[in-house]
1. So which residues in the range 68-103 are more than 15 Å from the chain's Cα centre (by Cα), surrounded by 13 or more Cβ atoms within 10 Å (Cβ to Cβ) and among the charged types (D, E, K, R), if there are any at all?
2. Please determine, by comparing only the residues of the range 110-161 that are at pLDDT below 90 and of a type in the set (Lys, Arg), which one is nearest to residue 62 (Cα to Cα).
Amino acid sequence: MAQTSEQMKRFWKAAKIKIDKHQCAPISSLMTHEVISLPRDGKLHEALRIFREHRLRHLVVVDEQQQICGVFTKRDLLSVEGAGLNRPIMSVANEEVYRADQSTCIRKVAEMMLDHKIGCVPITQSSAGKESLVGIVTESDFVRAFAMSTRCSCGALVEEQ
C-alpha cells in the first residue's frame, strides 16, 4: 500500500533533521511496509491479476518462509509470448535480486538502484541467520518523497511548514 501524504511529510521532516546533522535516514522510514508478494509456485496469470488489481509494477516472489526467490516486473511480462500465462512465475522472474536491510541508509539504496538500473529493492530483516521480507522500496517511493519535500516557486510542489 502507498504511504499517505501525511506519512511522507513526517518522514521528510525527520529525515531533513538527520541529514542536516549528517546522519543517515534508514530505508525502513521510506519503504512500503505492506508488500504484496507471490509464492514461488505462483503462475504468470496470477501476477498479471495482482498488477491490475493493485496497480503495481513489481512483485517479490517468496517461498513458504518468506525468503526472497525472485522479483517479477511488468517489464518481464513483455518477454511472455502468447498463451504462456499459465507458466510458473519463476520461469520468468529475475532470481538475481538486489536487496537491502531495513537499517540501510536511503542514499545507499538509491545508489544501488541507479548503479544497477533497477526499479525496486526488497527490504529485509535478519533474524536467526535468515532474511525475511519486511518491505519494498521503488522508484515511485523516491519520486513521491522528493515531491513531498521540494519547495517550488510555481506553487505546484510546496512543502508545508
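1. 76, 87
2. Step one: filter the range 110-161 for residues at pLDDT below 90, giving 126-132, 140-161.
After this cut, where a residue has to be of a type in the set (Lys, Arg) as well, the list is 130, 144, 151.
Working: 130: 13, 144: 27, 151: 40 Å.
Per the stated criteria, the residue is 130.
The values are calculated or read from the model by the stated rules, or taken from the named source; none is laboratory data. Predicted model only: the values in this text are computed from it and were never measured. We place every Cβ from the backbone using ideal geometry, glycine too, and count neighbours over all the protein chains shown.
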